[in-house]
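Okay, structure first, notes after.
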Amino acid sequence: MDKIRIIGGNPLTGSIPIGGAKNAALPLMAACLLTADTLSLSNLPRLADVSTMARLLADFGVEIASAGDAERVLNLTAGSANGTTAAYDLVRKMRASVLVLGPLLARYGRARVSLPGGCAIGTRPVDLHLRALAELGADIEIDKGYIEARAPNGLKGADIVFPVVTVGGTENLLMAAVLAEGETSLTNAAREPEVVDLAHCLVAMGAEIEGIGSDTLRIKGVAALGGAAYDVVPDRIEAGTYAVAAAVTGGDVELAGARLELMMALAGSLEKAGVSVSETKAGIRVSRNTGPLQGIDVMTEPFPGFPTDMQAQLMVLMAIAAGASMITETIFENRFMHVPELGRMGADINVHGSSAIVRGVAELTGAQVMATDLRASVSLVLAGLAAKGETIVNRVYHLDRGYERLEEKLAACGAVIERLSG
Ligand code: EPZ
């Protein structure tokens, strides 16, 4: 298994290109199942999760052709379904596989999708997806670990109220409702930029959706959707991760292609901590050339609040900021696995329920570390960049799910970082 070796202490300077968002690319790819025409997606990131989604779609008989800029553009054509089963092996690897449920059900009237199991960051059930699809008239049973969903006479519009904000649930329901008969309303819908991206793509395919970007979506079902060409939104979490990298190393970095308006909560927290964040022609500039970092308090919330996918990374900044900080995780119940690993690097962090109290230390020291999910793993890379000495991050495959050419992008800005194959 590959490892990443870092010698910390170098301030990052230069420009980092930001790719398309993983969490937008996955639902957008699933949306190809809604039409017999070609959906052409550009600005796709080259990530393990994107390959896994492509494999899943190929299992359903989707024709996949890369066009132009090697693999960044995929033409996806779901002419007719060969199968409608998402097998355990792929769903186990990637929970976002469950996003095929809504489109399969809407277009083919049936879907068989392995029920995702537990996850390192929380129980992450899909009960809200299933309950809402049942409200659209789907008949849903769980059999031998599989969700068996049927709607032989098609789905029917309904008024759905989500009791908690769910990104995947909103995406699945959007994709189901666009082909349902009549009108659907989704109340307390997720407003994440990736949900907005999906809604815009569906509109480009011929869907009728109102309220995009708000927490109430109104969808008028249409008989069929057509093809479209769509560019994936830049990855605000990748950009945010490199913003923290610049901050913790005392660097000055331009995040080329990043969009500040998608990252206002993070930018606000960074500025409070003493980091300068500004919009440039090419993207966003993040710098901390002078002065120490200051402790801050942050709570994760659905968009436009502070994203849970940036919680682990921001904790690294808190670990070396002056004074005490508190971070409260409200989205997932078990997303502090990076805490003991950061502790091994000298961080002073105490977890009390859903909050972590972080007392800043003068310096982190390199160590051997590993983590059990994507964002926790990248937080250890950030800690390694800021730490004194050598850090080895194990289980790099987590990073490959969500960060394209991580070590190359960091090395180009002066980081001493390399991948050790093994
Ligand atoms: C998406 O996961 C993202 N994944 C996650 O990114 C992200 O952390 C999360 O949204 C929150 O922003 C993708 O987009 C592929 P949710 P999702 O449904 O859709 C509970 C990363 O690192 N819930 O919004 O699975 C759930 O347990 C990943 O890139 C139910 O109880 O998240 C959680 O506590 C990790 N029942 C909360 O809602 C349901 O049926 C929010 O989950 C659905 C969700």
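Which residues' amide hydrogens lie under 5 Å from the amide hydrogen of Y146, considering only partners 5 or more residues apart or on another chain, with H built in the peptide plane?
Here L115 satisfy the definition.
Can you list the HN-Hα couplings for the stretch 241-252, worked out from phi with the Karplus curve (6.51, -1.76, 1.60; θ = phi - 60°), rounded to whole Hz and with x for Gly and Pro?
Those phi angles translate into 5, 6, 5, 5, 4, 5, 5, 6, 9, x, x, 8 Hz.
Please enumerate, by chain and number, the aspartates and glutamates with C-alpha under 20 Å from the C-alpha of K144, excluding those fewer than 8 residues away in the same chain.
D89, D127
Any of K22/K272; K22/K93; K3/K388; K3/K93 with alpha carbons more than 22 Å apart? Name them for me. Don't skip to the answer; put the middle values down first.
Details: K22/K272 28 Å; K22/K93 15 Å; K3/K388 19 Å; K3/K93 20 Å.
Where the Cα-Cα span goes over 22 Å, the pairs concerned are K22/K272.
Highest GNM mean-square fluctuation, the chain, Cα pairs closer than 10 Å: which of P125, P45, P302?
It is P125.
Give the peptides 30-40, 221-231 in descending order of average Cβ contacts within 10 Å, highest first. Each step should come with its number before you reach the end.
Numbers: 30-40: 23.0, 221-231: 16.7.
Top to bottom by mean Cβ count within 10 Å: 30-40, 221-231.
Could you work out [θ]222 nm for the chain from helices alone, using -39500 (n - 2.57) per DSSP H run of at least four and dividing by all its residues? Round to the nearest 500 deg cm²/dmol.
Working: 14 runs with 128 residues, N = 422.
So the calculated ellipticity at 222 nm is -8500 deg cm²/dmol.
Within a 10 angstrom radius of the beta carbon, how do E135, E404, E141 rank from fewest other beta carbons to most?
Numbers: E135 17, E404 20, E141 10.
The order, fewest Cβ neighbours first, is E141, E135, E404.
May I ask you to list the lysines whose Cα is less than 18 Å away from that of K156, ignoring any residue fewer than eight positions away on the same chain?
By straight Cα distance, K156 reaches K220.
May I ask you to sort M310, M318, M264 by Cβ crowding, counting other Cβ atoms within 10 Å and putting the fewest first? Each step should come with its number before you reach the end.
Numbers: M310 24, M318 29, M264 15.
Ascending Cβ contact count within 10 Å gives the list M264, M310, M318.
When Lys and Arg each count +1 and Asp and Glu each count -1, what net charge do the other residues less than 13 Å away from V195, Cβ to Cβ, add up to? Intermediate results must be reported in sequence, preceding the final value.
Numbers: positive: R191, R236; negative: E171, E192, E194, D197, D215.
My count for the surroundings of V195 gives -3.
Report the local net charge at I392: Lys and Arg +1, Asp and Glu -1, summed over other residues whose C-beta lies under 15 Å from its C-beta.
Numbers: positive: K3, R5, R344, K388, R395, R419; negative: D2, E341, E390, E407, E418.
Result for the local shell: +1.
Bear in mind these aren't lab numbers, they're just calculated from the coordinates by the rules spelled out. Small disclaimer: the values here were computed from a predicted structure and weren't measured. Here Cβ is always computed from backbone atoms with ideal geometry, including for glycine, and neighbour counts include all displayed protein chains.
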